[in-house]
Amino acid sequence: MLVVGVIIGLLSAVAVPNWLAFVNQRRMSVAQEEILQALQSAQNEAKRVERTTAVQFDLNSDPPLISVNNRWQTLGRGELKAGQLLLTVSSSTFSFNAKGEPVSGQIPFKATVTAPSSKAKRCVVVHTLRGTLQEANGSACD
């Protein structure tokens, strides 16, 4: 019986850190996708209504909030608890003009998501005057 207990303890010691890393990776991926969707939505809406449309990030909230045209939502679809993700952005507001291009002076723009207990990163980058959106991971987010 003692041997079974030791084996279960060893398996748990190996499995728990891997599971936590998987959960953190998943949280970052979901947040990255939400940021990308918000930027794409703002870009498409700017073209559709032919006026400047902004995405705003509230980093003072935990978890962070994101808004397209003042429609605020919690990053992580309401499933994140305080302290589970960190969001850094080049600017708290990013705008697209009526053509769906970034407003002058905002390039490059980067929104990076990290988990406090992980070195992994996920980011969304706008790096061209045409407003091309790109997802990146790891050192590509530096």
For region 27-80, enumerate the residues that are under 19 Å from SER117 (Cβ atoms) and either touching a residue at least 60 places away in the same chain (Cβ under 8 Å) or touching a Phe, Trp or Tyr at 6+ places or on another chain (Cβ under 7 Å) (or both).
ARG27, MET28, SER29, ALA31, GLN32, PRO64
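Quick one: in region 111-131, of everything that is among the hydroxyl-bearing types (Ser, Thr, Tyr) and surrounded by 13 or more Cβ atoms within 10 Å (Cβ to Cβ), which residue is nearest to GLU101 (Cα to Cα)? Before the answer, list the steps.
Here is the first cut: in region 111-131, the residues among the hydroxyl-bearing types (Ser, Thr, Tyr) are 112, 114, 117-118, 128.
Cutting the leftovers down to surrounded by 13 or more Cβ atoms within 10 Å (Cβ to Cβ) gives us 112, 114, 118, 128.
Working: THR112: 21, THR114: 27, SER118: 34, THR128: 9 Å.
The selected residue is THR128.
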Among the listed residues GLY76, GLY105, GLY83, which satisfies the condition of being buried (at least 16 other Cβ atoms within 10 Å of the Cβ), assigned to a loop (DSSP other than H, G, I, E, B) and out of contact with any Ser or Thr (no Cβ under 9 Å at 6 or more places or on another chain)?
GLY76
Being modelled with pLDDT of 90 or more and among the basic types (Lys, Arg) is the filter here; which residues of region 115-136 pass it?
LYS121, ARG122, ARG130
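Are any residues in region 14-43 farther than 24 Å from GLY83 by Cβ and either of a type in the set (Lys, Arg) or at pLDDT below 85 (or both), and if so, which ones? Spell out the reasoning first.
First, pick out the residues of region 14-43 that are farther than 24 Å from GLY83 by Cβ: 14, 39-43.
VAL14, the sole residue that qualifies.
The values are calculated or read from the model by the stated rules, or taken from the named source; none is laboratory data. Computed from a predicted structure; not experimentally measured. FYI the Cβ positions are ideal-geometry reconstructions off the backbone, even for glycines, and counts take in every protein chain you see.
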